[in-house]
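This is the structure, below, for whatever I ask next.
The values are calculated or read from the model by the stated rules, or taken from the named source; none is laboratory data. Note that the coordinates shown come from a computational prediction; the quantities given were computed from them, not determined experimentally. Cβ atoms come from the backbone with ideal geometry, glycine included; neighbour counts cover every protein chain shown. Please note that ligands, DNA and RNA were not included when accessible areas were found on the heavy atoms of the full protein model with its side chains. Shrake-Rupley method; radii C 1.70, N 1.55, O 1.52, S 1.80 Å.
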Amino acid sequence: QKEVEQDPGPLSVPEGAIVSLNCTYSNSAFQYFMWYRQYSRKGPELLMYTYSSGNKEDGRFTAQVDKSSKYISLFIRDSQPSDSATYLCAIGGAGGTSYGKLTFGQGTILTVHP
Amino acid sequence: DGGITQSPKYLFRKEGQNVTLSCEQNLNHDAMYWYRQDPGQGLRLIYYSQIVNDFQKGDIAEGYSVSREKKESFPLTVTSAQKNPTAFYLCASSSPGREQYFGPGTRLTVT
């Protein structure tokens, strides 16, 4: 079993739709959770960072963490064609020598069509 | 401007040659990381360094080497021992236990 599982998609939605992206993880020691957006042939850019269960909102983006279920989500409201990218979840903080290391999901390819 | 730079953007090499990828950051971060990205496989950690003059192997270190002589710099050498070196290489940096920030990447093609 992989430490972090993410549905690779691809996911195609119409403009204005609500998008839900999800990851599950296996190690309950993970302490912090991130979502990155990566455009084709570019480096990933950080969208959201959180370290507690619950919701964190930033504009059209909401990150949700459920530590009891080992499940994290990213919601995108009013999706735009410019949101078309690969979305990567990243989880870290398992402690010991692993502190600071991130484990990434496979990435979900999202296309928002006009 | 604060950020992470990687050079070159594209690199072409013949099989059997070593090649060094550059990564520089001016974010004053202690930790730096090298990842490899292949289609459909997400990011895999090659090496990381939490402090100058110290570094640790990641999940796929075989065929790679690094040095960390300065806080700002973390070059990666892809050696001829790496069996499948063609990939997109990403460098990142962070403060300890915090979010990582990525450079623009270097696309290496070995023929």
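Could you tell me which numbered condition A:Val112 fails, if it satisfies all but one of (1) more than 14 Å from every other protein chain (Cβ to nearest Cβ); (2) more than 16 Å from A:Gly16 (Cβ to Cβ)?
(2)
Going by what's in this entry, would B:Ser73 be described as polar (S, T, N, Q) and out of contact with any Phe, Trp or Tyr (no Cβ under 7 Å at 6 or more places or on another chain)? Let's see the steps before the verdict.
Details: polar (S, T, N, Q): yes; out of contact with any Phe, Trp or Tyr (no Cβ under 7 Å at 6 or more places or on another chain): yes.
So B:Ser73 fits the description; yes.
Within the stretch A:68-77, can you find the residues that are part of a loop (DSSP other than H, G, I, E, B) and surrounded by fewer than 16 Cβ atoms within 10 Å (Cβ to Cβ)?
At the first step, the residues of the stretch A:68-77 found to be part of a loop (DSSP other than H, G, I, E, B) are A:68-70, A:77.
Hits for the stretch A:68-77 are A:Ser68, A:Ser69, A:Arg77.
Quick check on A:Tyr87: is it within 13 Å of chain B (Cβ to nearest Cβ), within 28 Å of B:Gln56 (Cα to Cα) and hydroxyl-bearing (Ser, Thr, Tyr)?
In short, yes.
If you don't mind, another one. Name every residue in the stretch B:67-92 that is more than 11 Å from chain A (Cβ to nearest Cβ) and within 24 Å of A:Tyr51 (Cβ to Cβ), in order of residue number. I'd like the intermediate steps shown before the answer.
The first filter runs over the stretch B:67-92 and keeps only residues more than 11 Å from chain A (Cβ to nearest Cβ), leaving B:67-87.
Residues satisfying the conditions do not exist here.
For the subset of the stretch A:15-43 comprising residues that are away from chain B (no Cβ under 11 Å) and hydroxyl-bearing (Ser, Thr, Tyr), which member is farthest from A:Leu110 (Cα to Cα)?
A:Ser28
Oh, and also: For A:Pro8, are the conditions met, namely being surrounded by 14 or more Cβ atoms within 10 Å (Cβ to Cβ) and within 22 Å of A:Gly100 (Cβ to Cβ)?
Numbers: surrounded by 14 or more Cβ atoms within 10 Å (Cβ to Cβ): yes; within 22 Å of A:Gly100 (Cβ to Cβ): no.
Here the answer is no, as A:Pro8 does not meet what is asked.
Would you say B:Val66 is over 26 Å from A:Gly107 (Cα atoms) and in contact (Cβ under 8 Å) with a residue 12 or more places away in the chain?
So B:Val66 fits the description; yes.
If I ask for residues that are closer than 23 Å to A:Gly105 by Cβ and of a type in the set (Lys, Arg), which ones from the stretch B:11-57 would you list?
Residues satisfying the conditions are B:Arg36, B:Arg44, B:Lys57.
Restricting the stretch B:32-66 to residues that are assigned to a loop (DSSP other than H, G, I, E, B) and closer than 19 Å to B:Ile4 by Cβ, which is farthest from the other protein chains (Cβ to nearest Cβ)?
Checking each candidate, the answer is B:Val52.
Might you check whether a residue that is more than 18 Å from A:Pro44 (Cα to Cα) and facing another protein chain (nearest Cβ under 10 Å) occurs anywhere in the stretch B:10-31?
yes
Yes/no matrix, rows are residues, columns are (1) closer than 22 Å to B:Ser95 by Cβ; (2) touching a residue at least 12 places away in the same chain (Cβ under 8 Å):
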| position | (1), (2) |
| --- | --- |
| A:Lys2 | no, yes |
| A:Gly9 | no, yes |
| A:Thr24 | no, yes |
| A:Met34 | yes, yes |
| A:Gly43 | yes, no |
| A:Tyr51 | yes, yes |
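Of the residues B:Asp30, B:Asp38, only one is closer than 18 Å to B:Gln82 by Cβ and open to solvent by 10 Å² or more (accessible area, probe 1.4 Å); which?
The match here is B:Asp38.
What strands (runs of 3 or more DSSP E) lie completely within the stretch B:67-111 and have 2 or more residues being open to solvent by 30 Å² or more (accessible area, probe 1.4 Å)?
Numbers: elements: B:76-78, B:87-94, B:106-110.
So the answer is B:106-110.
Taking the stretch A:27-67 as the search range and keeping residues that are over 30 Å from B:Ser7 (Cβ atoms), out of contact with any Gly (no Cβ under 9 Å at 6 or more places or on another chain) and among the hydroxyl-bearing types (Ser, Thr, Tyr), which one is most open to solvent (accessible area, probe 1.4 Å)?
Restricting to residues being over 30 Å from B:Ser7 (Cβ atoms), out of contact with any Gly (no Cβ under 9 Å at 6 or more places or on another chain) and among the hydroxyl-bearing types (Ser, Thr, Tyr), the top hit is A:Ser28.
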